């Protein structure tokens, strides 16, 4: 029962993978563009979690490379959210919908 | 010295083309002046005692081959220079009268000057390559001048025909030059002459090779001097302006072939079989063309076939080995044939471009100067005793008499035919009654045209006795060799018989009394060419065009574009506009990559 008493890297990675899968499934199957967007954020945070865990359990854990990269991702994600939400609002004003099934006019 | 002869026409041609062409009179004057300077240079060469120090420069040099642009100053070249510049100057002057009304007068004179430059280059050439360069230039200027009235489809066709037929001969000439270089290791006439004189043909070259090389050189002459079977272009070349016919297609360019043969005679001489071929082709051409001339109705075409026939004479003389006689005949022929063509030009000018002799008649009343000069030209050509043509033709026949009796008979018979068809021409065109109404409006040409006629007539009268033949060299057969008076008697008899026959038949004739379709249609030579060369060539061209359209264009070009477009058509079906379909494809792609790199490669 070692894995219940001691938290190892694998636990973090498993959680990260589960989060990533949930996000990916959401992106693939949900119809509301806002939900898809939130699922994307979930995938990003799954990656963040993995990075931090790697840094924590690295044998040469003298530096903070993982953490720094996470800060970068958070920053970029914040900027992306600003742009993306603006686009979504604008799209909604134009089409009166956020259902991706109705947003399919961009094709051949 | 030689540059004074060679360069003025080139300068004139360039000046007229680039600067002077809007000013017609200045262009004409420039061109005539250039020709006069060349004539002066030629005269200076003639009178200077030694022509050793002619300047030359190296144009290209590679190991084993040095090509110079230089000049020959021997008697052969000087005589030819005098003929080209002298007759050329007279024709330049005549052309002003003939072409005055033409809107492209400047272009005409520019081309004429270009021709003079190229022709003088051939004459001066001191090596085969230089000669070949100018040989091609002459072909070009001939093409330009035949096609001078390029708006007329027939003139454009004739120009093309002349150029293409000449290409065949030029190709042979080029092979001959390469062969000469391969055998003797030199292309310079003086060096070659020395090599041939001292050591003959180098070991290792069979007589067959030498004969082939000699024949290659002769091919050049066949094209340029229009020998059978490459004769077809010359009659058609009469589509050009008449002064051009006189200068290029009678007096100078077509004689360049004969001049070239005399130049390289020491090479031809090495092969008896090549000389035989030359002799027979010359003889065949002379009689063949004379027969055709019997039934032609176009005044210029009769003269064209007559030119062919006389060129055949000269080539035949070279084949016999009588180069002095050939050059002698070339010179006198240049005088009287230029005269005949210019007089014909005067007639055509006076009759507003009527060329059919059966629409003329009694022109002697309306154009006396033209008539008398034409008559003198005819007399000189047909061998009227003691005129220029008589002496030169006589000397060729005499040499032939001692060489080959069959060729001699052909020559004599041709002389008879010549007297016949020329008398027919004169009688029909100048005697009898006016056959059409237009003749009543005929007028004598202005002085600018008649003066050159008179000068040429004087040359035709006395050209035989001023010692042209002694200037070039020894006669092949001395007059004492026997049979001299027999040959002379025979040729005078032929002259009389031919003239009398034509007078008897044509003096009262209202239309052509005989009809010989075989002769009228030129032995069907154009038709034979059509069937043997043009048709197969067209079939081949069609086949190649099919190949180009279906294989090159179809398989390689159109099939490629169709497959690219088709692939695009299929792939665009994937782009359905559904965002989540893209996401699925993207994730599948990522999964595939992960599988490839993490599982397959890692294993």
Notebook entry, point to check: If you check B:386, B:391, B:408, B:374, which single one turns out to be surrounded by 24 or more Cβ atoms within 10 Å (Cβ to Cβ) and either assigned to a helix (DSSP H, G or I) or in contact (Cβ under 8 Å) with a residue 60 or more places away in the chain (or both)?
Noted result: B:374
Margin query: So for the range B:520-530 (the condition being within 35 Å of the chain's Cα centre (by Cα), touching a residue at least 24 places away in the same chain (Cβ under 8 Å), farther than 30 Å from residue B:426 by Cα and surrounded by 11 or more Cβ atoms within 10 Å (Cβ to Cβ)), does at least one residue qualify?
Written below: yes
Check: Quick check: anything in the range B:493-512 modelled with pLDDT under 90, assigned to a loop (DSSP other than H, G, I, E, B) and within 14 Å of chain A (Cβ to nearest Cβ)?
Finding: no
Item checked: Failed criterion for residue B:571 (all others in (1) under 30 Å from residue A:101 (Cβ atoms); (2) within 14 Å of another protein chain (Cβ to nearest Cβ); (3) modelled with pLDDT of 90 or more hold) -> (3)
Next item on the list: Considering only the range B:98-110, state which residues are in contact with a helix residue (DSSP H, G or I) (Cβ under 8 Å, 6 or more places away or on another chain) and more than 16 Å from residue B:38 (Cβ to Cβ).
Entry: B:98, B:99, B:102, B:104, B:105, B:106, B:107, B:108
Check: Scanning for something surrounded by 12 or more Cβ atoms within 10 Å (Cβ to Cβ) and within 14 Å of chain A (Cβ to nearest Cβ), does the range B:538-559 turn up at least one residue?
Finding: no
Check: Condition test on residue B:146, is it in contact with a strand residue (DSSP E or B) (Cβ under 7 Å, 6 or more places away or on another chain), within 19 Å of residue B:257 (Cα to Cα) and surrounded by 22 or more Cβ atoms within 10 Å (Cβ to Cβ)?
Finding: no
Notebook entry, point to check: Which condition does residue A:7 not pass, out of (1) within 14 Å of chain B (Cβ to nearest Cβ); (2) outside any helix (DSSP H, G or I), if it passes all the others?
Noted result: (1)
Margin query: Give me the residue from the range A:69-108 that is under 19 Å from the mean Cα position of the chain (by Cα) and within 14 Å of another protein chain (Cβ to nearest Cβ) and, out of that set, nearest to residue A:50 (Cα to Cα).
Written below: A:84
Next item on the list: Give the residue, chosen from A:19, A:40, A:34, that is in contact with a helix residue (DSSP H, G or I) (Cβ under 8 Å, 6 or more places away or on another chain) and more than 14 Å from chain B (Cβ to nearest Cβ).
Entry: A:19
Check: All but one of (1) under 23 Å from the mean Cα position of the chain (by Cα); (2) assigned to a helix (DSSP H, G or I) hold for residue B:37; which doesn't?
Finding: (1)
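Quick check, is residue A:50 at pLDDT below 95, surrounded by 11 or more Cβ atoms within 10 Å (Cβ to Cβ) and outside any helix (DSSP H, G or I)?
Working: at pLDDT below 95: yes; surrounded by 11 or more Cβ atoms within 10 Å (Cβ to Cβ): yes; outside any helix (DSSP H, G or I): no.
Criteria not met by residue A:50.
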Check: From the list B:133, B:93, which one is part of a helix (DSSP H, G or I), farther than 22 Å from residue B:234 by Cβ and in contact with a helix residue (DSSP H, G or I) (Cβ under 6 Å, 6 or more places away or on another chain)?
Finding: B:93
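The values are calculated or read from the model by the stated rules, or taken from the named source; none is laboratory data. All values reported here derive from a predicted model rather than from experimental measurement. As a convention, Cβ positions derive from the backbone with ideal geometry for all residues, glycine included, and neighbour counts pool all protein chains shown.
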